[in-house]
Each structure stands twice: as structure tokens, then as C-alpha cells.
Amino acid sequence: MKSITLLAYAALVLALPSVQRRNPDYGLPAGARIIEVRPLKTKAHADRALVLWMLRPKTNPREAADEIYSCPEETRGSHYSGPTRISLVDASARRVINTVSIRQEYDEGVEDSFDIPYKIHKGYYHVGGVRRGSAEGKPSIMWLRDYNGDGRAHEFALFDALACMGLATTLIGYSESRDEVIQYPVVLSREEGGKRSTKTVHWIDYLFSRQPDAPGLWKYEIDYRGRGGSLDSYEIRYDRAGERFEGKLVVRWDE
């Protein structure tokens, strides 16, 4: 009789909608795979942590592990692919406070999928115990640093090289004032051929792969002219009050 009861219970659980079947860790949905957990050092809350997780990710090992990396592999290596989330959790209560979905905004943000390396050489991501460009290792994706110059090492960057030129970057971090994880917006003013426009984006070329010129300030150029493109000049600052980045992009074409 006991075995029949257990079988009936199992059938009932499987019949429930996925939102009701929860991962035992932090109440994440069924099918969630936790990639990393990173505790946060905060004054207001001693029990906060960031959790990087994916929903039923596909495993994609490099087919030729001994061959030179292609340009897209520099940010992928052997990787998981699938819906990707960053959650802020109350580690003591083991509950989710809020969650950010990682989407390829620069690719119209249609597909709910991203690539997270699980084995890669040292480069854009931190890989402990290996030299840059040599052996592969397990990366620390949420390698927390003070990117925005506010004195708190609460941020980490994600990178996506789609080709040999152009590197999409985004910044994720913990907001103490909101007690939330946020994907930092960039309010970007664009000047090109006498025309101006302003757009808020979350991914921007190369920004978070570069060292700032001063805390919270970046000035840099990306030269695409050798490929028939433009010379792109960026100047971007962090707005601490607004918890966002603001700046301008000047696009110049050879005549």
C-alpha cells in the first residue's frame, strides 16, 4: 500500500505545472541548474548572495579541444547554452528576492538564451590557476569587482564575441539601495553624420572589458575602418544617483 501511495504522489507531482514544481535550492523552478553562487559583502544585509542559473541548459563542449580558439570561442570555450538568469537570494531563508533575465539585446533580444562557459582559457573571464591564453580551466563568471567606482565590489561583466571585431558587454550588480540585482542600463547619445539620437541599452561594445580612465569614467575608440566600417568614439560615465551609465558615441565614416 505504501508503494502505491508513493507512486500516486510522484504522478501527482509530475502533473503539476512547472511553476509549482520547485528546485529545492532557493525555490528555483524545476529544470533550473545552478552554475555559480557568490556571497555578497554588504552592510545592510549579511545574508545576500547572487545565483547564476540556467533553465535546462544544453552542454556544448569544444569539438577540437587542441585547436586554436575561434573569435566567438574567446567568450564561450566549452559552454552551456539556454535561458540564463541572475537571482539575488536571501541565503538564510533560501528564497529569491528578484531575478534578471540575460537576453541578447543586440540581437533583437528575441531568443531567450545565452552562452555561459564552463571550461575556457583565461581571457575575458577570470580563470584561476592558469596563465592567460594557455591551459583551460573552470571560469568564475561572477568575479565581483568595483566596476562603477562606488567603492563596492558588487559587479561582474558578461561578454559575447560574435565575430573577431565587436564585443558585446553588459554589467550585472547588486544595488544596496534597492536590495536588488540589476542589469545596469546605459543611456547612450549617438552622433553620426550630423544626426543625434538617444537610446537606453544594456549591452555596449567593449565597455566593461576595458580599464576605466578614472573611477566610473571610460574614454575609448573602436576602429572598424579596416573592415569598411566606422571609427567609434565613446565617453561614458557612471551616474551613482541614478545607478546607470550615461555617455555619448560619436560615429565617423571616411569620406
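Å³ per residue of the Cα convex hull, for the chain?
172 Å³
Just in the stretch 32-104: which GluC sites (Glu not before Pro) are loop by DSSP and have at most 13 other Cβ atoms within 10 Å?
Glu63, Glu67
At Asp112 and Ser189, where each label point lies 7 Å from the Cα along Cα→Cβ, what is the point-to-point distance in nanometres?
Result for the modelled spin labels: 3.7 nm.
Within the chain, count lysine pairs with alpha carbon atoms under 28 angstrom apart where the residues are 8 or more positions apart or belong to different chains.
Taking the Cα cut-off of 28 Å, the pair count is 14.
With 5 Å bins from zero, work out the P(r) of the stretch 120-255 over every alpha carbon pair and list the percent per bin.
2, 9, 17, 21, 19, 14, 10, 6, 2, 0
Using only Cα atoms and rounding to the nearest 10 degrees, what angle (0 to 90) does helix 2-15 make with the longest principal axis of the chain?
30 degrees
Charges only on Cβ, +1 for Lys and Arg, -1 for Asp and Glu: so what's the dipole of the chain about the Cα centre, in debye to the nearest 20?
Values: 37 positive and 36 negative charges, 205 e Å.
With Lys and Arg at +1 and Asp and Glu at -1, about 980 debye.
Just to be sure I follow the definition: excluding the sites themselves, where is the longest run in the chain that has none of the trypsin sites (Lys or Arg not before Pro) in a DSSP loop with at most 15 other Cβ atoms within 10 Å?
44-93
Rule-based calculations on the coordinates, nothing more; no lab input. From a predicted model like this one, the values you see are computed outputs, not experimental measurements. FYI the Cβ positions are ideal-geometry reconstructions off the backbone, even for glycines, and counts take in every protein chain you see.
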